[in-house]
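Take a look at the structure set out below.
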Amino acid sequence: MPEPSISPHSPTRSSPSANTSGRRAASIHERRLILFLRGVGVITLLAFAAAVMPQKWMIETAEALGFEPFPNSPLTFYLARNLSLLYGFVGVGLLVVTLDFDRYRPLVRYMAWGTMAFGVLQLVVDAQSSLPAWWTLGESTSTFLGGLLIGWLNRSALAADQQIND
């Protein structure tokens with residue numbers, strides 16, 4: 001895994017952890033954060049496949065999960081496919097952040113807060129939609145905890161960087 005690059009104007013360039021290639025060595029905490037973001041990004045890219053999934057498969061998947069019959073309506077398929085595209089592009093965004101981590105590092109804190117807020121809003125929307133409790137709690141809790149983990153990993157990495165620079 002290539003180490004994150006830094007800008008030549010970055011104040012961390014002259015830090016004690018800078019190496020001779022001009023790239024800052026990432027701490028173990030930062031590498032864990034990057035690995036987690038990449039993992040979520042790659043998994044989320046799978047949503048692109050759902051965007052082009054045959055309608056029959058969508059219906060069969062919904063039935064296998066125990067949902068009411070999937071409405072055979074152009075609007076339903078449009079919404080399902082566009083949501084899948086959105087999730088896929090979230091995965092692309094996560095991967096872009098990890099490929100130039102030092103440049104996009106300030107966004108990570110907002111990603112954590114946004115993901116936690118999204119988890120709370122998923123709980124509200126799923127409950128209003130009368131989805132099964134297992135789906136509502138599973139989706140919203142995992143999203144919220146994912147945001148919490150991003151925030152915790154980010155704080156740990158920033159604390160480790162601060163110790164190196166002190």
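The values are calculated or read from the model by the stated rules, or taken from the named source; none is laboratory data. Keep in mind that what you see is a predicted model, and the values were worked out from it rather than measured. For neighbour counting, all protein chains shown are included, and Cβ atoms are generated from backbone atoms with ideal geometry for every residue, glycine included.
If the Cβ limit is 7 Å and pairs must be 6+ apart or interchain, which residue in region 148-166 that is in contact (Cβ under 8 Å) with a residue 40 or more places away in the chain and basic (Lys, Arg) pairs with which residue that is part of a helix (DSSP H, G or I) and loosely packed, with under 15 Cβ neighbours inside 10 Å?
Between residues of region 148-166 that are in contact (Cβ under 8 Å) with a residue 40 or more places away in the chain and basic (Lys, Arg) and residues that are part of a helix (DSSP H, G or I) and loosely packed, with under 15 Cβ neighbours inside 10 Å, there is no close pair.
Return the pair list, or none, for Cβ contacts closer than 6 Å from residues in region 45-60 that are closer than 14 Å to residue 79 by Cβ to residues that are at pLDDT 95 or above and of a type in the set (S, T, N, Q), at least 6 apart or on different chains.
Note: pairs meeting the criteria are 47/84; 50/84; 51/84.
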